[in-house]
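To start, the structure itself, in structure tokens.
The values are calculated or read from the model by the stated rules, or taken from the named source; none is laboratory data. Source: prediction; values computed, not measured. Here the Cβ is made from the backbone with ideal geometry for all residues, glycine too, and neighbour counts use every protein chain on show. Remember, those area values only see protein heavy atoms, side chains included, never the ligands or the DNA or RNA. Shrake-Rupley method; radii C 1.70, N 1.55, O 1.52, S 1.80 Å.
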Amino acid sequence: MAKIATVITDYFEDVEYTDPAKEFKNAGHEVVTIESEQGKTVKGKQGDATVTIDKGIDDVSPNDFDALFIPGGFSPDMLRADDRFVRFAKHFMDEKKPVLAICHGPQLLITAKTLEGRDVTGFKSIQVDLEYAGGNVHDEEVVVCQNQLVTSRTPDDIPAFIEESKKVLQ
């Protein structure tokens, strides 16, 4: 089973974290939340979910994890302003470890400059940014690239996102 690093901060899209995290755990995977500070409580932008952070970014290495999960909302845009999270995400892409990013999640991968030539999707408002980053953008509920990168557009896509993510994690 995979140990999944989940980079998350305030204003994540509630169900884009809670639903996949629940399903990953139910499938036997370990989901570890990472923010700048261990023990901090972060809140979803809808106000429906709160998450107590398991680890601070300075206390983890990407080598300790099998996969990366990036929920959407405003969280990935805030995280990509911190070079530590950018380097962390870049490691997973460079090492071809599973990366699961939904909605605005791919923004972190844009900043990490890891989407050149990759098949990808994301929320409508970032699709042009994905193109500028060199990605091959598809307006589909889920896009799987090289059996490694799984991306989806919106909360409506969560069931397909979870299904394809679980396949890549096997």
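Observations on the structure shown:
- Full-extension gain in nm, residue 59 to residue 136, via 0.36 nm per residue minus C-alpha separation: 24.3 nm
- Per residue, region 94-134 exposes 44 Å² of accessible surface when a 1.4 Å probe is rolled over the protein heavy atoms with every protein chain present.
- In this structure the amide hydrogen of residue 67, modeled in the peptide plane, comes within under 5 Å of the amide hydrogens of 3, 5, none closer than 5 places in sequence on its chain.
- Pairwise centroid distance, computed over Cα atoms, of region 125-170 with region 43-118, Å: 14
- For region 61-155, carbon and sulfur atoms together expose 46% of the accessible surface, with a 1.4 angstrom probe and every protein chain in place.
- Listed by chain and number, the aspartates and glutamates whose alpha-carbon sits under 19 Å from that of residue 113, ignoring those within fewer than 8 places in the same chain, are 77, 82, 83, 94, 95, 129, 131.
- Positive dipole terminus of region 124-170, leading residue within 142, 152, 170 (C-beta point charges): 170
- Under the span-like rule (Cα at least 15 Å along the axis, Kyte-Doolittle mean at least -1.0), DSSP H helices of the chain: 83-94, 158-169
- The share of alpha-carbon pairs in region 49-111 lying farther apart than 20 Å comes to 20%.
- Shape class for the chain, computed from the alpha carbon gyration tensor (a ≥ b ≥ c): rounded, with a/c under 1.5.
- Estimated D of region 1-95 in µm² per second, where Rh is the Kirkwood radius over Cα pairs and Stokes-Einstein applies at 37 °C, 0.692 mPa s: 250
- Anisotropy class of region 89-170 from Cα gyration tensor, a/c 1.5 cut: oblate
- Set of lysines with alpha-carbon distance to residue 45 below 19 Å, sequence-local pairs under 8 removed: 22, 124
- Among 21-33, 74-86, 99-111, the order from most to least packed when residues are scored by Cβ within 10 Å on average: 99-111, 74-86, 21-33
- Taken about its Cα centre, region 1-113 carries a charge dipole of roughly 240 debye when the Cβ of each Lys and Arg holds +1 and the Cβ of each Asp and Glu holds -1.
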